[in-house]
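> Okay, handing you the structure first.
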Amino acid sequence: MQVTNPLERRGSMISYLNAILNVLLAVAKGVVGVLAHSEALIADAVHSASDLVGSVAVIVGLRIARKPPDEDHPYGHGKAELIASICVSVLLIAASIEVFYSSTVSFLHSPRAPEWIAAVMAFVAVVVKEVLYRYNVKLGKRLRSKSLLAQASDHRADVYSSLAALIGIVLAVVGERLGIRWLMYTDAAAGVFVAALVLKMAIEIAKDALEILMDRVVLSEEALQPYCREVMRVQGVRAIDEIRVRDHGQYVIVDIEIAVDANITVLAGHDIAAAVRDRLREKFDRVQDVFVHVNPYDPREQHHGRERGHQG
């Protein structure tokens with residue numbers, strides 16, 4: 001599908017930029033880490049390498065998510081983006097295990113302080129990743145893009161990762177200069193700290209995406225009130241019997257049962273249902289589609305307190 005919305009085009013561009021910068025940072029940190037003998041920077045490079053695969057997953061997820069509904073996918077393809085978010089979280093979990101292992105093994109060897117160039121590389125990585133984090137968050141919120149927000153969280157994990165590596169490297173170098181042996185282990189200790197941060201963020205990303213994939217619905221009355229208020233303003237709607245708002249990532253699907261006068265024609269009931277659908281799509285940007293079921297209104301029945309008189 002061709003991307004025509006300028007904001008969505010920026011979402012695709014930032015996804016490609018994420019991938020390119022992840023490649024450059026992974027290679028740079030890996031090369032400098034090896035040459036400068038920094039375990040923390042090498043571990044950070046492994047993390048950045050996993051980010052590359054995550055960026056590719058986000059790009060694919062965004063492209064699929066924008067495809068319009070079809071016969072086989074009447075609710076659209078928005079959940080593809082959530083699957084991309086889960087891919088990112090799985091990669092982060094794998095990266096955290098690798099970082100923890102490599103850093104722990106370093107404690108078993110005689111400590112060796114890295115070169116100062118490793119600290120410079122870590123500082124550059126912190127600055128670049130913080131800029132990417134802020135931009136991904138800003139754009140992800142405007143697009144309501146779960147995968148871009150997951151990528152932003154990944155960048156923030158990188159900031160902490162590189163910052164921990166920077167602190168560990170500096171302390172290790174200072175320890176060597178001052179002859180303080182235990183300080184020379186801080187390079188490896190930074191890797192262990194990074195692993196814990198990355199694992200925590202990965203679990204949070206996966207939890208949020210999985211809840212939506214399992215058809216999480218908006219249940220609170222407060223969250224449903226704006227939808228109910230607009231529906232009750234449609235001429236002919238006597239009550240709302242049931243309403244569910246299903247989150248699909250960038251958009252939501254509304255399932256609603258409305259009650260109308262039992263004596264009107266089928267055509268009139270159909271027109272009211274169409275008006276409800278049009279109004280919700282017009283008033284709420286995130287509403288992609290609305291499925292309306294029409295019931296006959298019976299004043300003797302309880303309609304969940306959503307009759308016109310109870311809407312305020």
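Rule-based calculations on the coordinates, nothing more; no lab input. Keep in mind the model is a prediction, meaning the values are calculated, not measured. Cβ atoms come from the backbone with ideal geometry, glycine included; neighbour counts cover every protein chain shown.
> Under 14 Å from the Cβ of Gly269, count the other residues' Cβ atoms, weight Lys and Arg +1, Asp and Glu -1, and hand me the total.
Net charge in that neighbourhood comes out at -2.
> Just order 196-203, 96-103 by mean Cβ neighbour count inside 10 Å, highest at the front, would you?
96-103, 196-203
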